Amino acid sequence: MGYIRGFVHGAVAGTLIGLWIAPQSGERTRAQLRAFSRAARDGIDTAQRTAQHVAPVVAEAAALAREQLERRRHREEAETTFRATPQNGHR
């Protein structure tokens, strides 16, 4: 509980100090914040669209890699079993 309380107090103090020593007017700061939030929102939207296009490709690549690993595992198991089996009555 002390951590959360300290975090909240620090956030409030930081906000007050930042507003107190701000080098520009509040209107200009708010305009910058709006522009930043629009840019951040656009960036998030772009990242989401990109992820929607990339996700199927990544899923297919993962499925292929999983199949290859399974084949390798089965092949190694078969080779181990073959080596452990006596050939022509010889050990």
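The values are calculated or read from the model by the stated rules, or taken from the named source; none is laboratory data. Because the structure is a prediction, the values reported are computed rather than measured. We place every Cβ from the backbone using ideal geometry, glycine too, and count neighbours over all the protein chains shown.
Those residues that are small (Gly, Ala, Ser) and assigned to a helix (DSSP H, G or I), I need them from region 13-44; list them, please.
Those that are small (Gly, Ala, Ser) and assigned to a helix (DSSP H, G or I): Ala13, Gly14, Gly18, Gly26, Ala31, Ala35, Ser37, Ala39, Ala40, Gly43.
Being among the aromatic types (Phe, Trp, Tyr) and either in a loop (DSSP other than H, G, I, E, B) or surrounded by 10 or more Cβ atoms within 10 Å (Cβ to Cβ) (or both), is that true of even one residue in region 67-89?
Taking every residue of region 67-89 in turn, none turns out to be among the aromatic types (Phe, Trp, Tyr) and either in a loop (DSSP other than H, G, I, E, B) or surrounded by 10 or more Cβ atoms within 10 Å (Cβ to Cβ) (or both).
Any chance region 11-27 includes a residue that's surrounded by 10 or more Cβ atoms within 10 Å (Cβ to Cβ), among the β-branched types (Val, Ile, Thr), within 33 Å of the chain's Cα centre (by Cα) and at pLDDT 90 or above?
Scanning region 11-27 turns up at least one residue that is surrounded by 10 or more Cβ atoms within 10 Å (Cβ to Cβ), among the β-branched types (Val, Ile, Thr), within 33 Å of the chain's Cα centre (by Cα) and at pLDDT 90 or above.
Would you mind stating whether Gln52 is surrounded by fewer than 10 Cβ atoms within 10 Å (Cβ to Cβ), in a helix (DSSP H, G or I) and polar (S, T, N, Q)?
Spelling it out, Gln52 is indeed surrounded by fewer than 10 Cβ atoms within 10 Å (Cβ to Cβ), in a helix (DSSP H, G or I) and polar (S, T, N, Q).
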